[in-house]
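Participant: Quick one: structure below, then a few questions.
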């Protein structure tokens, strides 16, 4: 769906024009994860290649409750975005596509996927590998209560980068960058 088509569909739906973009994106992402739950209760005459006209009540309720949207707004979101949702990859496929994009194009730009973690890096290299992920600490501001920068809420901008390895049960081990942020305040 292109933006012109989307704007035409939104023209007569006042309740959707006021929705924040992050809520619309969350609706699309969550509904795309639930494609099988959406299709299962549909009559067998409904093609699995096209989004059904109506959401099952359980899915509609979940989307409404999790996004704090009234039922009419959920209905209108489905009516407008159902084709986008049906073409949208499920979360595991979307993750693979994004990971591949960073693997292919990120290194030459010095970029990798960001992970936020308070856990230290598991291991490090002496040579610098291409990284698939970047691990940032949870805090982006100084946590020292007597630091002048902390009381002003200024972000930490000084960093040290270390190559690391992330070990996962699902994907095995892969190279990463571990970012250590520190405060220059006194």
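Participant: Counting other beta carbons within 10 Å of each Cβ, put 59, 146, 84 in order, fewest first.
Facilitator: Final ranking by Cβ density, sparse to dense: 146, 84, 59.
Participant: Tell me the label only: which of [x] 62; [y] 31; [z] 52 is percent of Cα pairs over 27 Å apart as calculated from this structure?
Facilitator: [z]
Participant: Continuing with the same structure: Compute the long axis of helix 21-33 from its Cα atoms, compare it with the longest principal axis of the Cα atoms of the chain, and write down the angle in degrees, 0 to 90, nearest 10.
Facilitator: 70
Participant: OK, next. Using a 10 Å cut-off around each Cβ, can you sort 10, 21 from fewest to most neighbouring Cβ atoms?
Facilitator: Least crowded to most crowded, the residues run 21, 10.
Participant: Averaging over all projection directions, find the projected area of the Cα convex hull of the range 3-88 and quote it in nm² with one decimal place.
Facilitator: Projected area, direction-averaged: 5.4 nm².
Participant: Hey, another quick one. In percent, how large is the relative contact order of the range 3-88, given Cα pairs closer than 8 Å and 6 or more residues apart?
Facilitator: The value is 39 percent.
Participant: Another question, if that's okay. For the chain, take the longest principal axis of its alpha carbons; what is the angle in degrees between that and the long axis of helix 71-87, to the nearest 10 within 0 to 90?
Facilitator: The answer is roughly 70 degrees.
Participant: In percent, how large is the relative contact order of the chain, given Cα pairs closer than 8 Å and 6 or more residues apart?
Facilitator: Averaging sequence separation for qualifying contacts and normalising by length gives 16 percent for the chain.
Participant: By per-residue mean of other Cβ atoms within 10 Å, what is the highest-first order of 70-77, 46-53?
Facilitator: Ranked from most to least packed, the peptides come out as 70-77, 46-53.
No lab work stands behind these numbers, since they all come straight from the coordinates. Fair warning: this is a prediction, and the values are worked out from it, not measured in the lab. Note that each Cβ is placed from the backbone with ideal geometry, even for glycine, and that neighbours are counted across all protein chains shown.
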